[in-house]
Amino acid sequence: MNRFILASLSVLALSAVAAPSLTVSDRFEQERQDTLNAMSNRWVQEHQDTLNATNSRFDQERQDTLNAMSERWMQERQDTLNAMSDRFEQEHQDTLNAMSDRFEQEHQETLNATNSRFDKERQDTLDA
C-alpha cells in the first residue's frame with residue numbers, strides 16, 4: 001500500500017510539474033511556428049523582390065541593347081546607302097558620258113560614210 005501511495009504521489013507530483021511544462025512547451029511550439037512562418041514569408045518576399053528586380057534589370061538592359069543595335073543598324077544602313085548613292089551617281093554619269101561619246105562617234109562615222117557615198121553618187125550623177 002505504501003508503494004501504491006508512493007506511486008500515486010509520484011504521479012500527482014509529475015502531473016503538477018508536467019502541466020506547466022506542457023503549457024510552456026505549447027507556447028514555445030507556437031512561438032517557434034510563428035517565427036518559422038515569419039521567416040518563410042520574409043524569404044518568399046525577398047526572393048520575389050530579387051526576382052522582380054533581376055527581371056526588371058534584364059528587361060531594361062535587353063531593351064537598351066536592342067535600341068543600340070537598331071540605332072547602329074540604321075546608321076550603317078544610311079552610310080551604305082550614301083556610299084552606294086555616290087557610287088551610283090558617278091557610274092550613271094560615266095555611263096551617260098560613254099554612251100554620248102559612242103553615239104557622237106557612231107553618228108559622225110555614219111555621217112562620214114553617208115556623205116562619202118552621197119558625194120560619190122552625186123558626182124556619178126553629174127558625170128553621167
* region 33-121 - charge dipole about Cα centre, Lys and Arg +1 at Cβ, Asp and Glu -1, debye rounded to 20 -> 380
* Quick one: what Rg and Dmax do you get for region 23-85 from the alpha carbons, in Å? -> 26.9, 91
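Each value in this text was obtained by applying a stated rule to the coordinates, not by laboratory testing. If you're wondering where the values come from, they're calculated on a predicted model, not measured in any experiment. Counting neighbours? That spans all protein chains shown, and the Cβs are built from the backbone with ideal geometry, glycine included.
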